[in-house]
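Q: Take this structure first; my questions come after.
The values are calculated or read from the model by the stated rules, or taken from the named source; none is laboratory data. Quick caveat: nothing in here was measured; it's all calculated off a predicted structure. Here the Cβ positions follow ideal geometry from the backbone for every residue, glycine too, while neighbour counts run over all protein chains shown.
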Amino acid sequence: MPRIAYVNGRYIPHQSAQIHIEDRGFQFADGIYEVVALMDGELRDEVGHLDRLERSLGEIGIAMPMPRRVLQIAMREMVRRNRIKNGALYIQVSRGIAARDFKFPSPAVRPTLVMTLRHMTFDIPARKAAAKPVITVPDIRWKRRDIKSTALLGQVLAKQIAVNEGAAEAWMVDDDGFITEGASSNAWIIDAKGRLITRPAAHNAILKGVTRSALQALCKQEGIELVERAFTPKEAYKAREAFTSSATALIMPVSSIDGHKIGNGKIGPVTDKLYDLYMEYAMNPSRKEQKWNPR
Ligand code: PLP
């Protein structure tokens, strides 16, 4: 069964899928992306990801490549053609193809839309059992971290430092000494008093994670105290528990931060409970947005 990619309206074998060399996504990283988890054949938190896609595109003046309903049909077609039940669907939209020039092409050109789908397993007990180390690195990115830009060089460099140091994620630290977020995740700690803490999404300092928003809503629903404030690496070293959240890594328990062991180095009770709540939420097909079907 060959892997199928989507490029501008065509479903193409993955290994022969191509974009133009003057695509602005390639030339300038002038584009936006989204990653949606496919779990048990369902695109999880699809509405949240599409809302953020539209918002990010709007922030940089790129039109939606097609109406949302049509895009959703193409997303389902990708799932169907790839015959995958669990994985990650990548949606990438660039400003389109134009002779290399910084300013926006005028008149506007057709945005490029690329989708790829890759298989992934979501073995929750194994993931829960695998608490992982994180390190901190300076956050060298731009100031619009609320936009899910394809310009990911800051994150690429941060992740490579993490890999070189045997860590699973890099938590980035802003110029004032506060953790912003992970290179591809949001960062959370639980302090000595058992309070859950994560950085606010205000002031464009972080990406407003769709998983983060779901966890926030679950905390509200379950009466779990959540404090939205920035925290430093020093505070994080003393945390009782720590974890990251993202669409495909879900909730990743953190075993150590910069070599400082967190709790007993394993998933803690609050993280464990949140994981269960999140999975119940993610896998519940009765939720309104999951029921929606464009066909
Ligand atoms: N922050 C950054 C920088 C990310 O790249 C991601 C996901 O890729 C997240 C946070 C988590 O966002 P989400 O939960 O929507 O996947």
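Q: For residues in segment 43-55 being over 19 Å from Leu215 (Cβ atoms) and not hydrophobic (A, V, I, L, M, F, W, C), which is farthest from the ligand (Cβ to nearest atom)?
A: Applying the filter and picking the extreme gives Glu54.
Q: Could you please let me know if Glu235 is at pLDDT 95 or above and either at positive phi or more than 15 Å from the ligand (Cβ to nearest atom) (or both)?
A: Yes, satisfied.
Q: Hey, could you check segment 173-187 for residues that are buried (at least 23 other Cβ atoms within 10 Å of the Cβ) and without any contact (Cβ under 8 Å) to a residue 60 or more places away in the chain and say which is nearest to Glu235 (Cα to Cα)?
A: Looking at the filtered set, the residue picked out is Ile179.
Q: Name the single residue, out of those in segment 188-216 being more than 13 Å from the ligand (Cβ to nearest atom) and surrounded by fewer than 18 Cβ atoms within 10 Å (Cβ to Cβ), that is farthest from Gly265 (Cα to Cα).
A: His203
Q: Only one of these conditions is not met by Ile62: (1) β-branched (Val, Ile, Thr); (2) under 20 Å from Ala37 (Cα atoms); (3) surrounded by 17 or more Cβ atoms within 10 Å (Cβ to Cβ). Which number is it?
A: That leaves (2) as the condition not met.
Q: Next up: Looking at Arg212, is it under 15 Å from Glu169 (Cβ atoms), basic (Lys, Arg) and out of contact with any Pro (no Cβ under 9 Å at 6 or more places or on another chain)?
A: Here the answer is yes, as Arg212 does meet what is asked.
Q: Can you name the number of the only condition in (1) surrounded by 14 or more Cβ atoms within 10 Å (Cβ to Cβ); (2) more than 13 Å from the ligand (Cβ to nearest atom) that Lys143 fails?
A: Unmet condition: (1).
Q: When the residues of segment 22-41 are narrowed to those that are surrounded by fewer than 17 Cβ atoms within 10 Å (Cβ to Cβ) and charged (D, E, K, R), which ends up farthest from Gly96 (Cα to Cα)?
A: Taking the candidates together, the pick is Asp40.
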